[in-house]
1. When you go through Val152, Val177 one by one, which is the residue that is hydrophobic (A, V, I, L, M, F, W, C), over 19 Å from the mean Cα position of the chain (by Cα) and on the phi < 0 side of the Ramachandran plot?
2. Which condition number does Gly90 fail, the rest of (1) in contact with a Gly (Cβ under 8 Å, 6 or more places away or on another chain); (2) in a strand (DSSP E or B) being met?
3. Give the range 191-202 a look and list any residue that's within 17 Å of Asp141 (Cβ to Cβ) and of a type outside the set (Val, Ile, Thr), or say none.
4. Take Ala99 and tell me if it is more than 36 Å from the chain's Cα centre (by Cα) and crowded, with 21+ Cβ neighbours inside 10 Å.
5. Identify the single condition in (1) of a type outside the set (S, T, N, Q); (2) more than 16 Å from the ligand (Cβ to nearest atom); (3) in contact (Cβ under 8 Å) with a residue 60 or more places away in the chain; (4) not in a loop (DSSP other than H, G, I, E, B) that Pro215 does not satisfy, given that it satisfies every other one.
6. Mind listing whichever residues of the range 312-341 are charged (D, E, K, R) and either outside the structural domain of Leu235 (by TED's automatic domain parsing) or assigned to a strand (DSSP E or B) (or both)?
7. How many residues does the range 84-93 contain that are within 16 Å of the ligand (Cβ to nearest atom), surrounded by 24 or more Cβ atoms within 10 Å (Cβ to Cβ) and over 13 Å from Gly41 (Cα atoms)?
8. What tally of residues in the range 189-210 results from selecting those that are of a type in the set (Phe, Trp, Tyr) and either over 17 Å from Lys80 (Cα atoms) or out of contact with any strand residue (DSSP E or B) (no Cβ under 6 Å at 6 or more places or on another chain) (or both)?
Amino acid sequence: MAAPMAPADWRRALKAEGVRFIELDGWTTRGRDQATGKTFGPVNGVLNHHTAGRDSLDLIAYRGQGAAVPPPLAHALLRKDGVVVLVADGRANHAGLAAKNSFDAIVAEKPIPRPSKASGTVDGNDHLYGLETENLGNGTDVYTRAQYDAWVRFNAAICRFHGWGAGSCAGHLETSVEGKPDPKGPVDGYGRRGRFQFTMGQLRADVHERLAHAPSWSPPTEEVTTMPDYVNLGLAHGYQLAPGTWDDVEFTTEWNDEAGDHDPNSPTFVEGPAGFTGSVSFRFAHLPVGEVVQVRMSEYDAAGELKANHPIHEVIGTAGGTFSVVPLTKRVGPGRSMRVRLLNQSEEHIEVASAVLTAWVWEG
Ligand SMILES: [Zn+2]
């Protein structure tokens with residue numbers, strides 16, 4: 001139970017929720033409050049309809065259905081292009097009599113039972129916002145993607161404003177004691193979902209999902225693709241490697257890192273979760289012939305603790321300088337990172353003249 005949204009509330013809530021809307025002239029003062037002597041509100045929910053027609057704005061805002069059902073016939077019209085037209089801020093003739101058992105369920109945000117006239121009736125126009133979504137209602141006319149997306153957003157905007165859950169959203173067919181069938185019909189799609197039949201259960205599920213996110217959220221529209229990034233790292237300059245201890249190769253971004261996320265001050269060349277495949281080529285100077293430099297990949301956690309060592313490759317000194325290509329292929333889990341380390345097993349200081357790492361790296 002709450003006071004109805006004022007025009008400024010509508011504008012703010014719809015804008016935040018990403019609803020494209022236009023304001024029909026006079027909408028802020030349009031309503032049946034004066035004519036009926038009944039003030040709109042307190043409000044308890046949103047009632048959703050289809051228009052069962054085309055170009056329904058004139059009918060909803062100005063013409064109504066004769067003397068028996070004068071306009072406005074809704075608070076808002078949702079067009080095929082997904083744009084909402086704000087029609088009225090006051091009482092609107094959309095709900096008719098709602099079965100009390102259904103209405104009570106909406107107020108309590110409980111599953112809505114089949115409307116029973118025997119349970120009594122409530123004037124739905126007193127307490128429910130009304131949205132008319134443009135559709136022929138013939139069971140074959142399709143709600144567009146833009147329309148359904150805005151439909152979810154519109155309902156969520158009102159629920160979010162009032163602090164309601166998706167259980168405050170209902171369809172005319174769920175409250176009507178006259179057997180109204182709306183809304184119904186096929187929906188072209190929503191998010192990653194292809195064509196489906198409109199149901200209030202699905203709309204509520206989508207509103208519920210939306211309310212779990214920030215109002216600026218949009219449903220993801222396609223599977224996330226993991227295109228590998230090409231990474232090409234090198235050394236800023238050659239360096240001396242003393243005998244006897246494992247030492248990180250500190251790759252820099254002087255060479256191209258297309259992913260752009262390699263920290264030049266970190267020996268890490270990939271952070272998990274990721275897979276990679278490539279190689280690192282080394283050129284060593286002053287490594288005596290027949291002596292060995294060991295190369296290995298080592299895995300670290302977020303705190304920089306060594307967690308795992310991967311198989312060792314040996315590079316053996318050759319006359320006139322040593323050149324070797326070592327393969328790199330591995331997965332690193334979440335929170336883990338990988339370094340390349342060297343152990344100079346000779347007795348001499350040697351020079352790591354160059355190290356070039358090229359790899360395809362992908363997330364996951
Ligand atoms: Zn209706």
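1. Val177 is the lone residue from the list that is hydrophobic (A, V, I, L, M, F, W, C), over 19 Å from the mean Cα position of the chain (by Cα) and on the phi < 0 side of the Ramachandran plot.
2. (2)
3. Arg195, Phe196, Gln197, Phe198
4. yes
5. (4)
6. Scanning the range 312-341 gives Glu314, Lys330, Arg331, Arg339, Arg341.
7. Count: 2.
8. Result for the range 189-210: 1.
The values are calculated or read from the model by the stated rules, or taken from the named source; none is laboratory data. As the structure is a prediction and not an experimental result, all values here were calculated from the model. Here Cβ is always computed from backbone atoms with ideal geometry, including for glycine, and neighbour counts include all displayed protein chains.
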